[in-house]
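Let me begin by presenting the structure, written as structure tokens, before commenting on it.
The values are calculated or read from the model by the stated rules, or taken from the named source; none is laboratory data. Quantities reported herein were computed from a predicted structural model and do not represent experimental measurements. Every residue, glycine among them, receives a Cβ derived from its backbone with ideal geometry; neighbour counts consider all protein chains shown.
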Amino acid sequence: MPDTLAFASGTARFALPHLFPAQAQKEFVVNESLARIDALLHCAVEGVAAEPPGEPAEGECWIVADTPSGAWAGRGGELAAWQAGAWLFVVPRAGMRVFDRAGGHFRLYREGAPEGWQAIDAVAAPAGGATVDSEAREAIGNLIATLAAAGVLPPAE
């Protein structure tokens with residue numbers, strides 16, 4: 001018979017709380033886990049902000065800026081999700097990707113990078129050069145437009 005697993009108080013990646021035998025008020029632990037899963041599953045954020053909005057909507061999620069204040073003080077770079085009338089904070093993991101609704105593009109979390117959450121800059125259409133190949137430029141322009149429409153690149157400015 002295999003050995004029984006001994007669980008820590010929370011999961012390794014996102015600190016989802018575990019249940020334990022004879023634990024009182026298990027619904028709190030389960031509800032916190034569900035709130036974290038809700039915030040992380042197909043994650044979309046409103047944008048990046050240094051302080052919480054005045055009246056957040058239930059389920060609203062933000063990337064906390066590097067120098068936060070107010071209820072977000074000391075939480076720079078984390079995700080802040082408004083759940084059950086309170087801010088639930090999630091520490092990002094390397095490779096996490098969220099959709100930034102304000103920018104209309106994805107952001108990728110790169111651990112150790114100067115800003116952590118990185119967005120790809122808009123890509124300009126090809127221009128200049130001594131020899132102009134209009135068909136190649138049109139193909140590259142179409143590729144850039146397709147990647148922007150898919151949210152891989154931000155929209156052209």
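Annotations for the structure displayed:
- Set side by side, the residues V98, V123, V132 differ, and just one is closer than 28 Å to P17 by Cβ and among the β-branched types (V, I, T), which is V98.
- Within the range 98-118, if we keep just the residues that are modelled with pLDDT under 90 and in contact with a Leu (Cβ under 8 Å, 6 or more places away or on another chain), the residue that is farthest from P155 (Cα to Cα) turns out to be Q118.
- Condition check for L147: in a helix (DSSP H, G or I) and more than 25 Å from the chain's Cα centre (by Cα): no
- Test: residue in the range 105-125 that is in contact with a Ser or Thr (Cβ under 9 Å, 6 or more places away or on another chain) and assigned to a loop (DSSP other than H, G, I, E, B): no
- Of the residues contained in the range 85-108, one or more are found to be exposed (fewer than 13 other Cβ atoms within 10 Å of the Cβ), within 28 Å of F28 (Cβ to Cβ), of a type in the set (A, V, I, L, M, F, W, C) and free of Cβ contacts under 8 Å to residues at least 24 places away in the same chain.
- Residue match in the range 139-149 (condition: among the hydrophobic types (A, V, I, L, M, F, W, C) and closer than 13 Å to G103 by Cα): yes
- Conditions (1) in a loop (DSSP other than H, G, I, E, B); (2) of a type outside the set (D, E, K, R); (3) at pLDDT 85 or above; (4) farther than 26 Å from C43 by Cβ; number of the one not met by A136: (1)
- From P155, P126, P52, residue being over 27 Å from F14 (Cβ atoms) and either crowded, with 18+ Cβ neighbours inside 10 Å or touching a His at 6+ places or on another chain (Cβ under 8 Å) (or both): P155
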